[in-house]
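Engineer: Please see the structure below; I have some questions.
The values are calculated or read from the model by the stated rules, or taken from the named source; none is laboratory data. All of these numbers come straight from a predicted model, not from anything done at the bench. With ideal geometry, Cβ positions are generated from the backbone for all residues, glycine too; neighbour counts draw on all protein chains shown.
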Amino acid sequence: MPTPITQEEAFLALTSLLEKGQVTTQRNLRQELGGRGSGPTLKKHIEAFYAQFGPLMETSASTDPQGADERLSHRPEDLGTPILATVTIPADSPWRQLIDLLAAWESDLLRREKILSRREVELRSQGTKVQI
């Protein structure tokens, strides 16, 4: 009889999928777990993962495409401390790998947002219509 999949095991596998740039589907998760896991079990773990960490992965532009243009044009000055920089997790915690991955991802997104905001300002100053 197969060993049940723990939430920690599923979360680490989901983190690995995200790190590889793969979509977090039940099929990919099962493959990452070596062929283990029923559909309902995998679905439960995927939902729990995004319920816990999904809000940390959202960006303002992706949550409201209608207002993205106005917000992005004001972003360079108000980019603050990344959310995950305020999270304290002991180095020996199994969650450390996930937090480090998410922090790196968040940092990269902020870096890209700054680059895009600067480019938007350049294009607008040249009279180029910017479409988001």
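Engineer: Quick check: is even one residue across segment 108-127 at pLDDT below 85, at positive phi and of a type outside the set (Lys, Arg)?
Structural biologist: yes
Engineer: What helices (runs of 4 or more DSSP H), lying completely within segment 4-95, carry at least 3 residues that are at pLDDT 80 or above? First the steps, then the outcome.
Structural biologist: On the way: elements: 7-19, 26-32, 39-57, 60-63, 68-72, 75-78.
Of the helices (runs of 4 or more DSSP H) lying wholly inside segment 4-95, those with at least 3 residues that are at pLDDT 80 or above span 7-19, 26-32, 39-57.
Engineer: Of everything in segment 13-26, what is touching a residue at least 60 places away in the same chain (Cβ under 8 Å) and closer than 15 Å to TYR50 by Cβ? Give them in sequence order.
Structural biologist: Filtering segment 13-26 down to residues touching a residue at least 60 places away in the same chain (Cβ under 8 Å) leaves 15, 18-19.
If the condition is that a residue be touching a residue at least 60 places away in the same chain (Cβ under 8 Å) and closer than 15 Å to TYR50 by Cβ, then THR15, LEU18 are the ones that fit.
Engineer: Ok, one more. For segment 22-38, does any single residue satisfy the condition of being closer than 17 Å to LEU102 by Cα and charged (D, E, K, R)? Show your work before the answer.
Structural biologist: Of all residues in segment 22-38, those closer than 17 Å to LEU102 by Cα come to 22-24.
Remaining after also requiring charged (D, E, K, R): none.
There is no residue in segment 22-38 that is closer than 17 Å to LEU102 by Cα and charged (D, E, K, R).
Engineer: While we're on this one: Would you please list the contacts, defined by Cβ atoms under 9 Å and residues six or more apart or on different chains, that run from a residue in segment 27-38 that is in the same structural domain as THR6 (by TED's automatic domain parsing) and within 16 Å of THR15 (Cβ to Cβ) to a residue that is part of a helix (DSSP H, G or I) and β-branched (Val, Ile, Thr)?
Structural biologist: LEU29/ILE46
Engineer: Yes or no: LEU18 more than 27 Å from LEU109 (Cβ to Cβ), out of contact with any His (no Cβ under 7 Å at 6 or more places or on another chain) and not assigned by TED's automatic domain parsing to the domain that holds LEU101? Spell out how you get there, then give the answer.
Structural biologist: Numbers: more than 27 Å from LEU109 (Cβ to Cβ): no; out of contact with any His (no Cβ under 7 Å at 6 or more places or on another chain): yes; not assigned by TED's automatic domain parsing to the domain that holds LEU101: yes.
Considered against the rule, which asks whether it is more than 27 Å from LEU109 (Cβ to Cβ), out of contact with any His (no Cβ under 7 Å at 6 or more places or on another chain) and not assigned by TED's automatic domain parsing to the domain that holds LEU101, LEU18 comes out as no.
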